[in-house]
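Following: one structure in structure tokens, then a few remarks.
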Amino acid sequence: MSTGTNLLGGPPPTHLPADEAVDAALAAGTAPTEVAAQHPAASLPWALLAEQALAAGESIPAYAFARTGYHRGLDALRRAGWRGHGPVPWSHEPNRGFLRALAALQRAAAAIGEGVEADRCRQFLADCDPAAARELLPS
């Protein structure tokens, strides 16, 4: 019988709320730059911009976009009750913007030679959800 209690003693998973306006704009093909301008508090468009910059070999813009998405995600996590640690499940779709921004920050930090930051981001992503780290970061 499940009681919904976390038997491991840690904090419960944090589930960010969905942002239908952002999701609808992106699904309609609106460019991430426009979505970020219209919804600057949302992590997902910043993560998409960071991923695009990384794919284009533009490490500095990628770092800036990823850091913005990461910090906006931290703000959202705190509003959702997160207290600096505990699971942020990849399986919960609204969490993916933050997790993708964190992974992009790891990759951008590594690309500019900021090894300590890259290692910290890799560990933070694994602490949030090992499945996210497996999905988003190369081995």
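The values are calculated or read from the model by the stated rules, or taken from the named source; none is laboratory data. Keep in mind it's a predicted model, so treat the numbers as computed, not measured. Neighbour counts are summed over all protein chains in view; Cβ atoms, including those assigned to glycine, are modelled from backbone coordinates with ideal geometry. For accessibility, only protein heavy atoms count, side chains too; no ligands or nucleic acids. Shrake-Rupley method; radii C 1.70, N 1.55, O 1.52, S 1.80 Å.
Summary of values
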{"read-out": "Using alpha-carbon coordinates, inclination of helix 115-128 to the longest axis of the chain, degrees", "value": "40 degrees"}
{"read-out": "DSSP-assigned coil residues among chymotrypsin sites (Phe, Trp or Tyr not before Pro) in the stretch 31-139, each with at most 11 further Cβ atoms within 10 Å", "value": "none"}
{"read-out": "Between the stretch 107-138 and the stretch 21-80, the alpha-carbon center distance in angstrom", "value": "17 Å"}
{"read-out": "Within a Gaussian network of the chain (alpha carbon springs, distance under 10 Å), most fluctuating of 56, 109, 31", "value": "56"}
{"read-out": "Stretch gain in nm, segment residue 93-residue 21, where the contour uses 0.36 nm per residue and the Cα spacing is subtracted", "value": "24.5 nm"}
{"read-out": "Principal axis dimensions, largest first and in whole angstrom, of the stretch 1-120 by Cα", "value": "50, 37, 21"}
{"read-out": "At most 12 other Cβ within 10 Å, DSSP loop - trypsin sites (Lys or Arg not before Pro), the stretch 1-105", "value": "83"}
{"read-out": "Magnitude of the charge dipole, the chain, Cβ model with Lys/Arg +1 and Asp/Glu -1, debye to 20", "value": "320 debye"}
{"read-out": "Probe 1.4 Å, protein heavy atoms only - accessible area per residue of the chain in square angstrom", "value": "54 Å²"}
{"read-out": "Helix 96-111 vs. the chain, principal-axis angle (Cα, 0 to 90°, nearest 10)", "value": "50 degrees"}
{"read-out": "Between 0 and 90°, nearest 10: helix 59-79 axis offset from the chain longest Cα axis", "value": "30 degrees"}
{"read-out": "Heavy-atom accessible area order for 92, 71, largest first, 1.4 Å probe", "value": "71, 92"}
{"read-out": "Inter-probe distance in nm under a simple model that places probes 7 Å from Cα toward Cβ, at residue 41 and residue 120", "value": "2.6 nm"}
{"read-out": "Choice from 50, 37, 76 showing the highest fluctuation, given a GNM over the chain with Cα pairs closer than 10 Å", "value": "37"}
{"read-out": "Cut-off under 5 Å, modelled amide H: who pairs with residue 16 long-range", "value": "95"}
{"read-out": "Candidates 97, 113, 69, ranked by Gaussian network fluctuation over the chain, Cα under 10 Å, top entry", "value": "113"}
